[in-house]
């Protein structure tokens, strides 16, 4: 596993240096930092690999599965200014959520893939919504697309951009979860819509 992690880390750095990528709508990022001090970044599981490069300056703490695959993911991410809380909805979930809430209370931003670690694909699970409600901090959607990439044979067909590619990443419209809400079900759909809107914006920008 260590060999594979090392190769992915080197490939990520080489791709990041050679690719031409932009990061759009940073006004949304600056807004939440100015008004709230921290945020919960929400992106689909397929985006983890190259988002690690594109977001390396934000000092994020990521929620990463305690599985063997999660260990490999963190083996890459920790070299790009990411910290981690280990756990998921299926392994150590309650403890991981408490630790993430403590991170947010210190006004450190976190990154969560709401369809991870094993899907269903592009369907929001409730953990990120619960954290947003309890912390009072906004959820900030994130997505990127590139023109040239490989797809892994994984449940999420994970995206691996090719060196020298062109790409666009974008922060979406922040979403606040009201503190008094009891049923988070409808807010799952709201976040999915907010994330899909951002996906379409990124694709339009790349095609343009």
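Please treat every number below as a calculation from the coordinates, not as lab data. Note that this is a predicted model, so its numbers are computed, not measured. Note that we place each Cβ from the backbone using ideal geometry, even for glycine, and neighbour counts take in every protein chain shown.
If you average the sequence gap of Cα pairs under 8 Å that are 6 or more apart and divide by the length of the range 2-207, what percent do you get for the contact order?
Values: 382 pairs, mean separation 57.3, N = 206.
Result for the range 2-207 is 28 percent.
Per-residue ellipticity at 222 nm for the chain, helices alone: DSSP H runs ≥ 4 residues times -39500 (n - 2.57), over residue total, nearest 500 deg cm²/dmol? Mind dumping the intermediate values first?
Values: 7 runs with 90 residues, N = 208.
It lands at -13500 deg cm²/dmol.
Report the extension gain between residue 181 and residue 164 in nm, rounded to one decimal, defined as 0.36 nm multiplied by the number of residues separating them, less their alpha carbon distance. Working shown, then result.
Details: separation 17, 0.36 × 17 = 6.12 nm, distance 4.59 nm.
This chain segment gains 1.5 nm when fully extended.
Give the shape of the range 62-111 as rounded, prolate or oblate, defined through the alpha-carbon gyration tensor: a ≥ b ≥ c are the square roots of its eigenvalues, a/c under 1.5 means rounded, and otherwise the shape is prolate if a/b is larger than b/c and oblate if not. Could you put the intermediate results ahead of the total?
Numbers: a/c = 3.37, a/b = 1.13, b/c = 2.99.
The shape class here is oblate.
Using Cβ counts within 10 Å as a stand-in for footprinting exposure, how do 8, 82 rank, fewest first? Before the final figure, lay out each step's value.
On the way: 8 17, 82 21.
So the ranking, lowest neighbour count to highest, is 8, 82.
Treating the chain as a set of equal point scatterers at the Cα positions, no solvent, please give the Debye-formula log₁₀ I(q)/I(0) at q = 0.08, 0.16, 0.18 Å⁻¹.
Taken in order of the listed q values, log10 I(q)/I(0) reads -0.25, -1.07, -1.39.
I'd like the antiparallel share, as a percent to the nearest 5, of DSSP beta bridges with both residues in the chain. Don't skip to the answer; put the middle values down first.
Details: 9 of 26 bridges.
Given both bridge residues lie in the chain, the antiparallel proportion sits at roughly 35 percent.
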